Amino acid sequence: MSSTPRAGLTGMETTTLDLGPQTAEVARVVAGVRDEQLGDPTPCEGMPVAGLLDHLVGLTLAFRFAAEKTAFEGGPSADAAALPADWRTRLPAQLEALAAAWREPAAWEGEVEVAGVRMPAPAMATVALDEVLVHGWDLAVATGQGYRPDDAAVQACLEFVGDRSDPSGEPAGLFGPPVPVPDDAPAFDRLLGRTGRDPRWRR
């Protein structure tokens, strides 16, 4: 249930995204995670809370390095056993650094690479935002917390994901199968459904 880059987004042109509102919200959720919840399930099948936190630690670094045009060694991780002991301080700091890196004008120039995938920098910024936005919700509902998606982030990510009316041409593992959500549902619920999540999921 990853949010790996879509080929159809590579022509996207925008330099107006601010990741800050959503990274701040996810940092708030991280602060509310209790130690006894680390083994609890999440909407990502087979990924406990600790694994999801490890995934967030890795992706916030990878997408920050992309903005800085710096090589990043390593691939996607979601290993509960690999979660750093200092995740409570490391993850909020990395979320803040991620947003700051994409506020630099140079971050939006040229092409960047994450996990072996190259695409125009503005498109990759949207991928980063989608990862933070959707996985932030995963973490919030898995730990019984409220979640406040940023409206601008939701709209940008809806454009990124598309309607997924025919997911047969997507790379394997891009998203889970779409979950039907009414057309008149809130925008964020529709985004969750398109990324393979049931907006009604609860721990």
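The values are calculated or read from the model by the stated rules, or taken from the named source; none is laboratory data. In this text the structure is predicted, and so the values were computed from the model without any measurement. Quick reminder, even Gly has a Cβ in these numbers, built from the backbone with ideal geometry, and neighbours come from all protein chains shown. The area values use the complete protein model at the heavy-atom level, side chains included, leaving out ligands, DNA and RNA. Shrake-Rupley method; radii C 1.70, N 1.55, O 1.52, S 1.80 Å.
Scanning region 72-81 for residues that are open to solvent by less than 90 Å² (accessible area, probe 1.4 Å) and either touching an Asp or Glu at 6+ places or on another chain (Cβ under 8 Å) or not small (Gly, Ala, Ser) (or both), which turns out farthest from VAL112 (Cα to Cα)? Give the steps one after another, and end with the answer.
Applying the first criterion (open to solvent by less than 90 Å² (accessible area, probe 1.4 Å)) to region 72-81 yields 72, 74-75, 77-80.
Retained after the next criterion (residues that are either touching an Asp or Glu at 6+ places or on another chain (Cβ under 8 Å) or not small (Gly, Ala, Ser) (or both)): 72, 77-80.
Numbers: PHE72: 11, SER77: 20, ALA78: 23, ASP79: 25, ALA80: 28 Å.
In this case the residue turns out to be ALA80.
If you check THR89 against the conditions, is it on the phi < 0 side of the Ramachandran plot, without any contact (Cβ under 8 Å) to a residue 24 or more places away in the chain, assigned to a helix (DSSP H, G or I) and among the β-branched types (Val, Ile, Thr)? In short, yes. Of the set (1) in a helix (DSSP H, G or I); (2) among the hydrophobic types (A, V, I, L, M, F, W, C); (3) under 21 Å from GLU36 (Cβ atoms), all apply to ALA99 but (3).
Residues in region 108-121 that are over 23 Å from SER77 (Cβ atoms) and touching a Lys or Arg at 6+ places or on another chain (Cβ under 8 Å): how many? Number of matching residues: 2.
Results for (1) among the basic types (Lys, Arg); (2) free of Cβ contacts under 8 Å to residues at least 40 places away in the same chain; (3) within 26 Å of TRP201 (Cβ to Cβ), shown as yes or no for each residue.
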residue	(1), (2), (3)
THR60	no, no, yes
ALA93	no, yes, no
ALA97	no, yes, no
TRP102	no, no, no
THR126	no, no, yes
TRP137	no, no, yes
ALA140	no, no, yes
GLN145	no, no, yes
ASP163	no, yes, yes
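Against the list (1) at pLDDT 90 or above; (2) surrounded by 20 or more Cβ atoms within 10 Å (Cβ to Cβ); (3) within 14 Å of LEU17 (Cα to Cα), the condition ALA142 fails is (3). Scanning region 109-150 for residues that are part of a loop (DSSP other than H, G, I, E, B) and closer than 20 Å to GLU68 by Cβ gives GLU109, GLY110, ALA115, GLY116.
Regarding VAL127, is this residue open to solvent by less than 10 Å² (accessible area, probe 1.4 Å) and modelled with pLDDT of 95 or more? Can you show your working first?
On the way: open to solvent by less than 10 Å² (accessible area, probe 1.4 Å): yes; modelled with pLDDT of 95 or more: no.
No; evaluated as a whole, the condition is false for this residue.
What residue, among those in region 106-122 that are within 21 Å of ASP150 (Cβ to Cβ) and surrounded by fewer than 21 Cβ atoms within 10 Å (Cβ to Cβ), is farthest from the chain's Cα centre (by Cα)? Only one residue tops the list, namely TRP108.
When only residues in region 82-96 that are open to solvent by less than 30 Å² (accessible area, probe 1.4 Å) and under 15 Å from the mean Cα position of the chain (by Cα) count, which is nearest to ASP18 (Cα to Cα)? Result: LEU95.
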